[in-house]
Amino acid sequence: MIHEKIHTENMFLHYGSKLALNDISIQIPEKKVTAFIGPSGCGKSTFLRSLNRMNDLIDGVKIEGKILIDGINIYDNNIDVVTLRKKVGMVFQKSNPFAKSIYENVAYGPRINGVKDKKQLDEIVETALQNAAIWTEVKDRLGDSAMGLSGGQQQRLCIARTLAVNPEIVLMDEPASALDPLSTSKIEELIVQLKEKYTIVIVTHNMQQAARISDLTAFFYLGELIEFDKTKKIFTNPDKKQTEDYITGRFG
Amino acid sequence: METYRIFDSELEKLSQKVIQMCSQVNQQINNSLTALKDYDLNLAKKVIDKDKEINTLDVKIDRLCQKIFALQQPVARDLRYILSALKINNDLERVGDHAVNIAKRISPLEDYRQLVSELGVDQVSTEISVLFSYVLDVVKTHDLEYCQKIYHHSAIVKEGCLDIADRILNEMMEKSEVVVVASNILIIVNLFERIASYSNNIAESITFVVDGEIVKHRKNIE
């Protein structure tokens, strides 16, 4: 049976007086790729950021309802946000490597989590780079600056950096939207491989990307979750007219 | 809020071509059946000659579908429509071929017009005309009510074909001199049955466009 990794119930989010997410209830399964689609401003990125409390950093955000990960409400008072973000990693639209060496970018997280042993760090760095499908491209220049890598390589390095702290969930906010088709295809291939070990939630504006890589697709519109179903169903025969109109480009 | 898509004009073009294909095939069937009924060899020749136009249109529709798939990456109803347009086009082309095949088999029947009539070929021909008029209606309107009419008339045609086949076999057993011509009629009747089957396929394809339901082979699947 598929384990439910993320579960939200009647979740509302306000930016000040503006309602940005309206009554979102969704169950996201473990070790699957779930894509969030919808027009700009529909709330999909806001919802994604709620899943590791990135919205805590924004003034005036108020969240109601439940967001459970492995059955635990991540907005409970006793939740340690740093531990939560270790468990729920995030990759952003624009690759944002530190101005450090390739090695240091990946070793940074484990090191601040207390790993000091050089041999152990080496192992973590290699595994993370391998899992992010960039190891063979950088293994001979781990000491070089990460800033010298191409955009696609930088993004995979950021994925490796996220994986290095051993998360269970990886949130991705348009991870390939700034990349050329070849780099995009490498990232997509990587995402599909990653679901063997991780639960992936991805926001994308690229409908074909959602169709290619995700198992499930959620369509958001005006802060509401309109439809959530298997990707195959959404892209061949969606239940809701709004979903159909959006994915066929009739509105949005 | 609905917006106009560049893609809509391509879909409209495809839709018009499929309707055009269906109208032409409908005309081919009617002409072929009239030629059979009236033993009109000139009309039969017209049917045979016109097949080239149908084949040209068939290729045009295939190419247009190919272009839309490559350039527009259709999804949902658009995807279902284009997939179905390809299949409907293929079915229509086959029906067009069968109209030609019927037309080609009319000339040997000259001395046996009474036998053709006695076997009930004219009644089944009329049913096919009615059946295919509904096929044209469903292709034009996507109104699923026509599908039920298609299934109904298709069943009548198939039953009529079985009945004629039984009678032909009896004729052949009784009168050995009619074996050659009877075999010819048997082939025509078989073509009638194929046209009825293709009509069902087209109704199933339109159901898939409208409902997203795959209804073909339903009896076998369930």
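Please say if the protein assembly as shown is rounded, prolate or oblate, where rounded means a/c under 1.5 for a ≥ b ≥ c the square roots of the C-alpha gyration tensor eigenvalues, and otherwise the choice is prolate for a/b larger than b/c and oblate otherwise? Prolate. To the nearest 10, the accessible area of A:Cys42 is 0 Å² with a 1.4 Å probe. Grab the other residues whose beta carbon is less than 15 angstrom from that of B:Val116, score K and R as +1, D and E as -1, and report the net. Here the charged neighbours net out to -3.
Of the residues A:Ser101, B:Ser117, the one with the largest accessible area comes first in the ranking B:Ser117, A:Ser101, computed with a 1.4 Å probe on protein heavy atoms. Ordered from largest to smallest accessible area (heavy atoms of protein chains, 1.4 Å probe), the residues A:Ile112, A:Ile191 come out as A:Ile112, A:Ile191. In the protein assembly as shown, helices alone account for a calculated mean residue ellipticity at 222 nm of -19500 deg cm²/dmol, with every DSSP H run of four or more residues adding -39,500 (n - 2.57).
On average, how much area does the Cα convex hull of chain A cover when viewed from any direction, in nm²? Don't skip to the end; give the middle numbers.
Details: hull surface 56.4 nm².
It is 14.1 nm².
Here the spin labels are modelled as points 7 Å beyond Cα on the Cα-Cβ line, and at B:Glu174 and B:His142 they lie 5.2 nm apart.
Got the relative contact order for chain A handy, in percent, Cα pairs under 8 Å and 6 or more residues apart?
Numbers: 481 pairs, mean separation 68.4, N = 252.
Once normalised by length, the contact order is 27 percent.
Dipole size of the protein assembly as shown about its Cα centre, with +1 on Lys/Arg Cβ and -1 on Asp/Glu Cβ: approximately 1640 debye, rounded to the nearest 20.
Dividing the mean sequence gap of close Cα pairs (under 8 Å, 6+ apart) by how many residues the stretch B:59-207 holds gives a relative contact order of 33 percent. Computed with every protein chain present, the accessible area of A:Ser185 is close to 50 Å² [probe 1.4 Å]. Comparing mean-square fluctuations of A:Leu216, A:Leu190, A:Leu182 from a GNM of chain A with C-alpha springs under 10 Å, the top value falls on A:Leu182. Compare the Cα positions of B:Asn184, B:Tyr198, B:Val209 along the charge dipole of the stretch B:2-221 (+1 at Cβ of Lys, Arg; -1 at Cβ of Asp, Glu; about the Cα centre) and return the one farthest towards the positive end. Result: B:Val209.
Contact residues in the stretch A:208-236 (at least 10 Å² less accessible area with all protein chains than alone, 1.4 Å probe): A:Gln208, A:Phe235, A:Thr236.
Could you run the numbers on buried accessible area between B and A, total for both chains, 1.4 angstrom probe, in Å² to the nearest 100? The summed interface area works out to 1100 Å².
A:His7 contributes an accessible area of around 40 Å² to the protein surface, as traced by a 1.4 Å probe with all chains present. Within the accessible area of the stretch B:2-221, the carbon and sulfur atoms contribute 50%, probe 1.4 Å, all protein chains present. Remark: the Cα gyration tensor places the stretch B:37-123 in the prolate category, a/c being 1.5 or greater and a/b exceeding b/c. Remark: chain A carries a charge dipole of roughly 260 debye about the Cα centre, counting +1 on each Lys and Arg Cβ and -1 on each Asp and Glu Cβ.
Return one whole number: the accessible area per residue of chain A in Å², for a 1.4 Å probe. Can you show the working numbers first?
Working: 11520 Å² over 252 residues.
In whole numbers, chain A has 46 Å² accessible per residue.
Accessible-area loss of 10 Å² or more (1.4 Å probe, protein heavy atoms, chain alone versus all protein chains) is found in the stretch B:40-81 for B:Gln73, B:Val75, B:Ala76, B:Arg77, B:Asp78, B:Leu79, B:Arg80.
Stretching A:Thr136 away from A:Tyr15 to a fully extended chain increases their span by 39.2 nm, per 0.36 nm per residue minus the current alpha-carbon distance. A viscosity of 0.890 mPa s and a temperature of 25 °C, combined with the Kirkwood radius over C-alpha pairs in the Stokes-Einstein formula, give the stretch B:2-221 a diffusion coefficient of 134 µm²/s. Summarising the overall dimensions of the stretch A:147-230 from its C-alpha atoms, the Rg and Dmax are 13.4, 42 angstrom.
Per residue, the accessible area of chain B comes to 51 Å², computed with a 1.4 Å probe over protein heavy atoms only. Within the listed set A:Leu194, A:Leu129, A:Leu149, the residue fluctuating most in the Gaussian network model of chain A (springs between alpha-carbon atoms under 10 angstrom) is A:Leu149.
Counting Lys +1, Arg +1, Asp -1, Glu -1, what net charge surrounds A:Tyr15 among other residues with beta carbon under 10 Å of its beta carbon?
Details: positive: A:Lys18, A:Lys62; negative: A:Asp59.
Charge balance in the 10 Å sphere: +1.
Which of the listed residues, B:Leu119, B:Val157, B:Gln27, is farthest toward the dipole's positive end in chain B, when Lys, Arg count +1 and Asp, Glu count -1 at the beta-carbon? Of the candidates, B:Gln27 comes out farthest on the positive side. P(r) tail, the stretch A:9-78: Cα-Cα pairs separated by more than 21 Å, 22% of all pairs.
The values are calculated or read from the model by the stated rules, or taken from the named source; none is laboratory data. Quick caveat, the model's predicted, so the values are computed rather than measured. When we count neighbours, we look across all protein chains shown, and the Cβ atoms used for this are built from the backbone with ideal geometry, even at glycine. Accessible surface areas use protein heavy atoms only, side chains included; no ligands, DNA or RNA. Shrake-Rupley method; radii C 1.70, N 1.55, O 1.52, S 1.80 Å.
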